[in-house]
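Have a look at the structure below before the remarks.
The values are calculated or read from the model by the stated rules, or taken from the named source; none is laboratory data. All values derive from a computational prediction rather than experimental measurement. We place every Cβ from the backbone using ideal geometry, glycine too, and count neighbours over all the protein chains shown. For the accessible areas, the whole protein counts, side chains as well, though only heavy atoms, and no ligand, DNA or RNA atoms are used. Shrake-Rupley method; radii C 1.70, N 1.55, O 1.52, S 1.80 Å.
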Amino acid sequence: MNFQLSEEHEQLREMIRDFAINEVAPTAAERDENEEFDRAIFDKMAELGLTGIPWPEEYGGAGFDYLAYVIAVEELSRVCASTGVTLSAHTSLAGWPIFKFGTEEQKQKYLRPMAEGKHIGAYGLTEPGSGSDAGGMKTYAKRDGDDYILNGSKIFITNGGVADTYVVFAVTDPEAKNSTSAFIVEAGFEGFSVGKKEKKLGIRSSPTTEIIFDNCRVPKENLLGAEGEGFKIAMTTLDGGRNGIAAQAVGIAQGALDAAVDYAKERVQFGKPITANQGVSFKLADMATQIEASRLLTYQAAWLESNSLPYGKASAMAKLMAGDTAMQVTTEAVQIFGGYGYTKDYPVERYMRDAKITQIYEGTQEIQRLVISRMLTK
Ligand code: CAA
């Protein structure tokens, strides 16, 4: 057993940390305030080879592993959780299913430009009436000659409106049990449009929108996997995606802890720094311990996936633990900052707002418990 990161992973972390501090952090608060997505940041990530970290070079990727990918999401989220989830949804939710289930043509046509950062990817599963019950979707794909005609809508789509390529799920045979299929939909397809953009509590510089299919014609070449295989594709995609969110949560929590430690060392009350009070220093100790445990689960799940070992349960555990850690740690960070922490003069209120979503998306914490307990008992 070796808990040390390789030299390549350490170098990658240094490079991304440098980029995050110098290029992402300076505008994070302003982008949050203005709910503004900055494509230039994504383009810079592409230049650094971050938009296709785990994909082989033959598909435009960096040929690295899933551990490298979660390190990237963690480091970005440490300064800006919105930038972290942009990369996470692009890589785990859109790139992964094309890499795993796509034909060679689909990989060259869609995965390559995504890996090279020329295109942004998104994933469309959730509908107004089907969130946790993902199998209850209503979007319908009707076969029509060499095409499918999609009708329906998806909500809460990360990268909605800025993505070029959407991996979406629709029912192809309403009568059959295994009737869900996956499709690759281009933003420019006729009948595809972007609907309402959500106004959110956190991750405000990551756009979240509705996407609408109004007789959207999708060529049969864009069916991803076999007809009826869609639910399995959606679920296995989330198995890995959840670890990307765990990494995002670890990054948010670490960012909040860093800020809290710096502040607590400087802040003097009753004639001494507040770290002299165990009420504060023990909080910091608990925060650091929770983060380290979450990080280990997250890295373990990434390691399992990189080594082609089962990782679904580990990934759900990582997301469960890290999501709760992010919420607790950021709440404590605001507490340590006191009244200042409640203002926008310091970043901890943003971290706290950003943390909440990690307990909700890519499966609520309750769904993670369902996934874990089913795997324990099946
Ligand atoms: N891998 C492979 N196959 C799987 C699977 C997995 N992880 N999970 C389920 N399946 C298969 C089952 O084996 C079963 O196959 P058979 O019919 O052949 O037996 C089939 O799928 C149905 O499985 P279940 O009976 O377990 O399905 P269910 O209806 O009870 O639902 C669930 C299971 C785990 C609750 C699922 O609906 C779920 O994960 N819900 C949460 C949805 C979610 O996470 N949404 C997130 C949206 S994306 C997002 O948030 C993105 C973002 O913004 C960044």
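How many nm is it between the label spots at Asp286 and Asn34, if each spot is 7 Å from the Cα in line with the beta carbon?
3.9
Sorted by mean Cβ packing within 10 Å, highest first, what order do the peptides 46-59, 275-288, 246-259, 346-359 take?
So the order, starting with the most tightly packed, is 246-259, 346-359, 46-59, 275-288.
Once R0 is set to 56 Å, what does the formula 1/(1 + (r/R0)^6) return for the Cβ-Cβ distance between Asp147 and Asn22, expressed as a FRET efficiency to the nearest 0.05?
Using R0 = 56 Å, I get an efficiency of 0.75.
Accessible area per residue, 1.4 Å probe, Å², for the range 12-143: what's the number?
Result: 37 Å² of accessible area for each residue.
Calculate, in nm to one decimal, what Glu14 and Glu266 gain on full extension: separation in residues at 0.36 nm each, minus their alpha carbon distance.
88.1 nm
Between Phe3 and Leu309, how high is the FRET efficiency from 1/(1 + (r/R0)^6) when r is the Cβ-Cβ distance and R₀ = 25 Å? Nearest 0.05.
Using R0 = 25 Å, I get an efficiency of 0.90.
Work out the length of the dipole vector of the chain about its Cα centre, built from +1 on the beta-carbon of each Lys and Arg and -1 on the beta-carbon of each Asp and Glu, and round it to the nearest 20 debye.
Approximately 1080 debye in magnitude.
Given R₀ = 25 Å, FRET efficiency for Lys118-Glu221 by Cβ-Cβ distance, to 0.05?
0.80
Using +1 on the beta carbon of Lys and Arg, -1 on that of Asp and Glu, and nothing else charged, what's the dipole of the range 328-378 about the Cα centre, debye to 20?
With Lys and Arg at +1 and Asp and Glu at -1, about 260 debye.
What helices does the chain have that are whole DSSP H segments, at least 24 Å long along their own axis by Cα, and with mean Kyte-Doolittle hydropathy of -0.5 or more?
Qualifying helices: 230-266, 278-306, 312-337.
Hey, if we sort Ser306, Ser315 by accessible area with the 1.4 Å probe, largest down, what's the order?
Reading off the accessible areas and sorting them downward yields Ser306, Ser315.
In a shell of Cβ-Cβ distance under 12 Å around Ile184, excluding Ile184 itself, what net charge do Lys and Arg (+1) and Asp and Glu (-1) give?
Every neighbour counted, the sum reads -1.
Of the options Val218, Ser294, Ser281, report the single residue whose Cα projects farthest towards the positive end of the charge dipole of the chain (beta-carbon charges: Lys, Arg +1; Asp, Glu -1).
Of the candidates, Ser281 comes out farthest on the positive side.
Please list 168-176, 77-85, 155-163 highest first by mean number of surrounding beta-carbon atoms within 10 Å per residue.
Answer by packing, highest mean first, reads 77-85, 155-163, 168-176.
Only bridges with both residues in the chain count here: give the DSSP antiparallel percent, nearest 5.
85
Of all trypsin sites (Lys or Arg not before Pro) in the range 93-140, which ones are in loop regions per DSSP and have a Cβ with at most 13 other Cβ atoms within 10 Å?
Counting only loop positions with at most 13 other Cβ atoms within 10 Å, the trypsin sites (Lys or Arg not before Pro) in the range 93-140 are Lys118.
Using +1 at the Cβ of each Lys and Arg and -1 at the Cβ of each Asp and Glu in the chain, identify which of Val171, Ser6, Ser88 lies farthest towards the dipole's positive end.
The Cα lying farthest towards the positive end belongs to Val171.
For the range 160-290, what relative contact order do you get, as a whole percent, if you take Cα pairs closer than 8 Å and at least 6 residues apart?
21
For a quick check of your reading of the filter: which trypsin sites (Lys or Arg not before Pro) in the range 148-196 sit in a DSSP loop and have no more than 10 other Cβ atoms within 10 Å?
Taking the range 148-196 and a limit of 10 other Cβ atoms within 10 Å, the loop trypsin sites (Lys or Arg not before Pro) found are Lys177.
On a straight-distance basis, which lysines could pair with Lys199 in a cross-link, Cα separation under 29 angstrom, same-chain partners fewer than 8 positions away excluded?
Lys44, Lys118, Lys138, Lys154, Lys319, Lys344, Lys356
Have a look at the chain and give its Rg and Dmax from the Cα atoms, expressed in angstrom.
20.7, 79
Under a point-charge model restricted to the Cβ atoms of Lys and Arg (+1) and Asp and Glu (-1), what is the dipole moment magnitude of the range 47-185 relative to its Cα centre, in debye to the nearest 20?
280
In nm, what is the difference between 0.36 nm times the number of residues separating Ala293 and Glu229 and their Cα-Cα distance?
19.5 nm
If you wrap a convex hull around the C-alpha atoms of the range 155-249 and split its volume per residue, what is the figure in Å³?
For the range 155-249, the hull spanned by Cα atoms encloses 119 Å³ per residue.
Kirkwood-based Rg over Rh for the range 257-352 (C-alpha set), two decimals?
1.12
Tell me the GluC sites (Glu not before Pro) within the range 94-123 that lie in a loop according to DSSP and have at most 12 other beta-carbon atoms within 10 Å.
Filter output for the range 94-123: empty list.
Put +1 on the Cβ of every Lys and Arg and -1 on every Asp and Glu Cβ in the chain; which of Pro54, Thr236, Ser306 then has its Cα farthest towards the positive end of the dipole?
Checked the options; the winner is Thr236.
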